[in-house]
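*Asks:* This is the structure I have questions about; it appears just below.
Every number here is computed from the coordinates shown, using simple stated rules; none is lab data. Quick caveat, the model's predicted, so the values are computed rather than measured. Because the Cβ atoms are built from the backbone with ideal geometry, glycine has one as well, and the counts that use them run over all protein chains shown.
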């Protein structure tokens, strides 16, 4: 039975097939040896003092944002924030990831989360859909929920960075084609930034994944953040 812990060991075989993909193009992103699976990454040196006004980024998603199975401070929003600050960007990422959330659950809580923030964020990272594919929810429903969330954010003049999900081939061509098209379609329709697959270059590598084979470990989060942080920086609107 599915629980609120999100992507669990029991469904690893559902997501893993056909998701073994190459990560972002980086010459230094060499394969990590499959040892010390849960090792904590080395601290990131602060090589530049953050400059300018504070930029607030809301990371709104599921367990892949929440940091399921990781120590405090090792979540993806934490890792992206550290890289932005290292680059001199005065960024604060607010982690609104909830393990187990489907797009329907996210749609229900989005407005509340935004209304409770001390100030409007400069950018929203939207990362939901993994639990939809686990439950084999209709892609039409997933699309409707994500569309409603993007429109809610646009109604508040908030730019969006979509972090996409992909369906495994064993769910059938029709399901995969309908599901995988959701994120690029939304990015094109609303002219928003797209990171096509949040687990790109990580899933399938045991050195970068937890024992459930679908949640990244601290090293895997590091790899994702290396690719994602520059896109977050680029998606931030210019300061006045």
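*Asks:* Averaging over all projection directions, find the projected area of the Cα convex hull of the stretch 154-240 and quote it in nm² with one decimal place.
*Replies:* 7.4 nm²
*Asks:* From the Cα gyration tensor of the stretch 57-137, with a ≥ b ≥ c the square roots of its eigenvalues, which class applies: rounded if a/c is under 1.5, or else prolate if a/b is larger than b/c, or else oblate?
*Replies:* Because a/c hits 1.5 or more and a/b fails to exceed b/c, the stretch 57-137 counts as oblate.
*Asks:* Treat the count of other C-beta atoms within 10 Å as a stand-in for reagent exposure and order 209, 117 from fewest to most.
*Replies:* Neighbour counts put them in this order, fewest first: 117, 209.
*Asks:* With 10 angstrom as the radius, rank 138, 155 by how many other C-beta atoms surround their C-beta, starting from the fewest.
*Replies:* Ordered from fewest to most neighbouring Cβ atoms within 10 Å, 138, 155 come out as 155, 138.
*Asks:* For each of 92, 102, count neighbouring Cβ atoms within 10 Å of the residue's Cβ, then give the residues from fewest to most.
*Replies:* Arranged by neighbour count, lowest to highest, 92, 102 become 92, 102.
*Asks:* Taking the alpha-carbon set of the stretch 73-120, what are its Rg and Dmax in Å?
*Replies:* Computed over the Cα atoms of the stretch 73-120, radius of gyration and Dmax are 13.0, 36 Å.
*Asks:* How big is the C-alpha Rg of the stretch 195-240 next to the rule-of-thumb value 2.2 N^0.38 Å, as a ratio?
*Replies:* Its radius of gyration relative to the 2.2 N^0.38 Å reference: 1.37.
*Asks:* So if each residue of separation counts as 0.36 nm, and I subtract the Cα-Cα distance between residue 151 and residue 189, what length gain in nm does that give?
*Replies:* Gain on stretching residue 151 to residue 189: 12.6 nm.
*Asks:* Here's a follow-up. Can you pull the semi-axes for the stretch 53-235, root of five times each eigenvalue of the Cα gyration tensor, sorted largest first, whole Å?
*Replies:* They are 23, 21, 14 Å, listed from largest to smallest.
*Asks:* For the pair residue 92/residue 112, report the inter-label distance in nm, with labels modelled 7 Å from Cα in the Cβ direction.
*Replies:* Simple spin-label model gives 2.3 nm for this pair.
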